[in-house]
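Asker: One structure, as structure tokens, below. Some questions next.
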């Protein structure tokens, strides 16, 4: 039977308050997403500056996601014990320190350590904004609200993380850019801390504080549930291959293949990341209109597989054909909110923070896995098997599509969630 949340009074003033606080919290979301989505611009800049190979770039860009995944248990406990505002403030200094190290590091492992610290420092942000929404928004509206709040600030992050970042890295240099980002992050954390508060639906306010042992046990409850296992396994492939293509391979691929300069590369990645963020908005309404979440997710994955396979099979096509295929692929790749909503439907509201963060362990871990492995695969295809650069990318795209199909087979075994459809008047 469905789990109920205490319904708060719904007024226009409450709605304006929630929108205002969400806008402030979203500033931190913008900062986090800028680092996550900037990989397609940062990778070519590092390659040009330090002559790094694909495996090195995959490690440096992808390790941020591994660190974020590893920090998710701590993030979930913090969210359930101290709430989404204090939780992000507690972890932020780690990320700020990482930015300062990344600004001046030149060794591959030190760059990777810095990116890992950035990932840990921002580990609470995406989960935190979901928990913030659960405190104010009815569960049946969560998917649409989450997809929208991902799309709007995510698009702002894209506008920063593409052409402006590419031009700044080229003209100003990595050091001043990342020192500036560290300062902006500190200011944003301070602003969130003094303006954002939890909503009346927050279960943290209506239950007794848990011991640390009980908090950790809550994570154990989630991961040992058979109904969660299939969803967790699918989560590894749900967005990992897509982010490997859009957030890492696309930038290096387009630059090497079409000889793009910094501004052209930034504009190209801008188009792809805008499609990635805005495309996710379609899934919320589809989820509610059809009432068949698994079918919506499966459809999105199958379209991705078709587009990625087409890009690989066509081979040596024009810049515009390649951009259109990658843009279409990006526009159907943002399934994060749907997977979180699916996981939420399997557990009671008092485990909200840990359900989100435990699911994120698998999804964000998958991003690291596929970013790192795609770089290794490309080096293997080109250096090991002697494929030319273009064929190396094509083979990597095919490999990622195969993993998406495998993930979809695992997802077919997951329990179907109950989705409240839009009522017809």
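The values are calculated or read from the model by the stated rules, or taken from the named source; none is laboratory data. The model shown is predicted, which means the values in this text are computed figures rather than measured ones. Every residue, glycine among them, receives a Cβ derived from its backbone with ideal geometry; neighbour counts consider all protein chains shown.
Asker: Name the residue, out of 61, 77, that is out of contact with any strand residue (DSSP E or B) (no Cβ under 7 Å at 6 or more places or on another chain), modelled with pLDDT of 85 or more and at negative phi. First the steps, then the outcome.
Answerer: On the way: 77 fails: modelled with pLDDT of 85 or more.
Answer to the selection: 61.
Asker: Among the residues of segment 370-381 satisfying the criterion of being in contact (Cβ under 8 Å) with a residue 60 or more places away in the chain and surrounded by fewer than 21 Cβ atoms within 10 Å (Cβ to Cβ), which is farthest from residue 226 (Cα to Cα)? Spell out the reasoning first.
Answerer: Going residue by residue through segment 370-381, those that are in contact (Cβ under 8 Å) with a residue 60 or more places away in the chain are 370-376, 378-379.
Going one step further and asking which of them are surrounded by fewer than 21 Cβ atoms within 10 Å (Cβ to Cβ), we end up with 376, 379.
Details: 376: 33, 379: 38 Å.
It comes out as 379.
Asker: On the basis of being in a helix (DSSP H, G or I), over 20 Å from the mean Cα position of the chain (by Cα), under 20 Å from residue 146 (Cβ atoms) and modelled with pLDDT under 80, does residue 201 make the cut? Give the derivation first.
Answerer: Values: in a helix (DSSP H, G or I): no; over 20 Å from the mean Cα position of the chain (by Cα): yes; under 20 Å from residue 146 (Cβ atoms): yes; modelled with pLDDT under 80: yes.
Against the criterion (in a helix (DSSP H, G or I), over 20 Å from the mean Cα position of the chain (by Cα), under 20 Å from residue 146 (Cβ atoms) and modelled with pLDDT under 80), residue 201 does not qualify.
Asker: Looking at 157, 166 in this structure, which one is assigned to a helix (DSSP H, G or I), more than 30 Å from residue 13 (Cβ to Cβ) and in contact with a helix residue (DSSP H, G or I) (Cβ under 7 Å, 6 or more places away or on another chain)? Walk me through it before giving the result.
Answerer: Numbers: 157 fails: more than 30 Å from residue 13 (Cβ to Cβ).
It is 166.
Asker: For residue 301, which of the numbered conditions (1) within 18 Å of the chain's Cα centre (by Cα); (2) farther than 24 Å from residue 356 by Cα fails to hold?
Answerer: Failed condition: (2).
Asker: Could you count how many residues in segment 337-354 are assigned to a helix (DSSP H, G or I) and over 15 Å from residue 135 (Cα atoms)? Outline the logic, then answer.
Answerer: Going residue by residue through segment 337-354, those that are assigned to a helix (DSSP H, G or I) are 337-344, 349-354.
In the following step, the residues that additionally are over 15 Å from residue 135 (Cα atoms) were identified as 337-340, 342-343.
Qualifying residue count, segment 337-354: 6.
Asker: Of everything in segment 98-141 that's touching a residue at least 60 places away in the same chain (Cβ under 8 Å), in a helix (DSSP H, G or I) and out of contact with any helix residue (DSSP H, G or I) (no Cβ under 6 Å at 6 or more places or on another chain), which residue is nearest to residue 30 (Cα to Cα)?
Answerer: 126
Asker: Test residue 238 against the stated conditions and say whether it is touching a helix residue (DSSP H, G or I) at 6+ places or on another chain (Cβ under 9 Å), buried (at least 20 other Cβ atoms within 10 Å of the Cβ) and modelled with pLDDT under 75.
Answerer: Working: touching a helix residue (DSSP H, G or I) at 6+ places or on another chain (Cβ under 9 Å): yes; buried (at least 20 other Cβ atoms within 10 Å of the Cβ): yes; modelled with pLDDT under 75: no.
The answer is no for residue 238.
Asker: Looking at segment 268-282, I want the residues that are more than 19 Å from residue 251 (Cβ to Cβ) and have a partner that is outside any helix (DSSP H, G or I) with Cβ atoms under 7 Å, at least 6 apart or on another chain. Which pairs are those?
Answerer: Sorted first by the residue in segment 268-282, then by its partner, the pairs are 280/334.
Asker: Among the listed residues 229, 191, 184, identify the single one that is under 30 Å from residue 294 (Cβ atoms), surrounded by fewer than 19 Cβ atoms within 10 Å (Cβ to Cβ), at pLDDT 85 or above and over 18 Å from the mean Cα position of the chain (by Cα). Talk me through it step by step, then tell me what you get.
Answerer: On the way: 191 fails: under 30 Å from residue 294 (Cβ atoms); 184 fails: under 30 Å from residue 294 (Cβ atoms).
Answer to the selection: 229.
Asker: Also: Could you list, in sequence order, the residues of segment 70-85 that are over 18 Å from residue 25 (Cα atoms) and surrounded by fewer than 24 Cβ atoms within 10 Å (Cβ to Cβ)?
Answerer: Going through segment 70-85, the residues over 18 Å from residue 25 (Cα atoms) turn out to be 70-74, 77, 81.
Across segment 70-85, the qualifying residues are 70, 73, 74, 77, 81.
Asker: Is it the case that segment 358-374 has a residue that's in a helix (DSSP H, G or I), over 16 Å from residue 62 (Cβ atoms), in contact with a helix residue (DSSP H, G or I) (Cβ under 8 Å, 6 or more places away or on another chain) and at pLDDT below 90? Reasoning before the result, please.
Answerer: Pass one, segment 358-374, residues in a helix (DSSP H, G or I): 358-374.
Filter once more, so that each one left must be over 16 Å from residue 62 (Cβ atoms): 358-359.
Cutting the leftovers down to in contact with a helix residue (DSSP H, G or I) (Cβ under 8 Å, 6 or more places away or on another chain) gives us 358-359.
Imposing the further condition that a residue be at pLDDT below 90 reduces the set to 358-359.
Yes, that holds for at least one residue.
Asker: Also: Mind listing whichever residues of segment 153-169 are more than 21 Å from residue 280 (Cβ to Cβ) and surrounded by 18 or more Cβ atoms within 10 Å (Cβ to Cβ)? If you could, list the steps in order and put the result at the bottom.
Answerer: Just the residues of segment 153-169 that are more than 21 Å from residue 280 (Cβ to Cβ), to begin with: 163-169.
Those that are more than 21 Å from residue 280 (Cβ to Cβ) and surrounded by 18 or more Cβ atoms within 10 Å (Cβ to Cβ): 163, 165, 166, 168, 169.
Asker: Would you mind stating whether residue 59 is in a helix (DSSP H, G or I) and closer than 17 Å to residue 184 by Cβ? Steps first, answer last, please.
Answerer: On the way: in a helix (DSSP H, G or I): yes; closer than 17 Å to residue 184 by Cβ: no.
No.
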